[in-house]
Amino acid sequence: MRADAQRNRDAILLAARTCFEAEGINAPTDVIAVRAGVGNATLYRNFPTRDDLLSAVVEESIDALLEESERLDGLDAVAALREWMFQLTWRLRVWQDLPTCIARTKDEDGNPVQPVSARLTARTADFLRRAEADGADGAHGAHGADGAEPSVPAADVFELVTAVSWAVDRFGDDEARARERVELATAGVVARVTRVAGVGTA
């Protein structure tokens, strides 16, 4: 990619991130183009659809979230699962209507937002497997060796957390209130995982 083309792309991504944070993911693309200092044709040449643009912007945030999640490997497995569900909720709530977009694209094969959801679902499965495995054999900090599906479907947990993130955004929760909401909403997930693993929920 030529240097000027890369500058245009970077400017579009920065403008889109700013607009999404201020106005939600349905911010007008012409406003994004103006903020980026490019024409609409340049914007659509780089990102043919809104979902292409959204996916590119969200990917950067998700990369950071997944990298940060590695520190949770040092926690007790159930505590790590709880913290991951909160951190995921808190990150997804950043842009208005992102949870709605994730739900809308769930069954749209080939939609550029789907890989984002898939990566987050896979990481959720890691934490679920670890919580069950740790309770079963006491190997704290180890993920399930066989890669088997956790008893609580990771896709279901991801959808639950996505829904909670919508509530966190719409009710204007601060971080403390959001944590309380996530703990209440996911109590059944934690109870089921710990019951399968045979450990306490304290």
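What the table shows:
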{"quantity": "Single unsatisfied condition, Asp51 versus (1) surrounded by 18 or more Cβ atoms within 10 Å (Cβ to Cβ); (2) under 22 Å from Val168 (Cα atoms); (3) not hydrophobic (A, V, I, L, M, F, W, C)", "calculated": "(2)"}
{"quantity": "Boolean, Arg119 is within 10 Å of the chain's Cα centre (by Cα), closer than 17 Å to Thr162 by Cα and surrounded by fewer than 20 Cβ atoms within 10 Å (Cβ to Cβ)", "calculated": "yes"}
{"quantity": "Residue among Gln6, Gln87 that alone is farther than 30 Å from Phe171 by Cα, of a type in the set (S, T, N, Q), surrounded by fewer than 20 Cβ atoms within 10 Å (Cβ to Cβ) and out of contact with any Asp or Glu (no Cβ under 6 Å at 6 or more places or on another chain)", "calculated": "Gln6"}
{"quantity": "Scope segment 9-44; condition within 24 Å of Ala103 (Cα to Cα), surrounded by fewer than 20 Cβ atoms within 10 Å (Cβ to Cβ) and within 21 Å of the chain's Cα centre (by Cα); matching residues", "calculated": "Leu13, Arg17, Thr18, Glu21, Ala22, Glu23, Gly24, Asn26"}
{"quantity": "Flag if Val58 is out of contact with any Ser or Thr (no Cβ under 6 Å at 6 or more places or on another chain), modelled with pLDDT under 90 and surrounded by 15 or more Cβ atoms within 10 Å (Cβ to Cβ)", "calculated": "yes"}
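The values are calculated or read from the model by the stated rules, or taken from the named source; none is laboratory data. Here the structure is a predicted model, which is why all the values come from computation and not from measurement. Neighbour counts run over all protein chains shown; Cβ positions are idealised from the backbone, glycine included.
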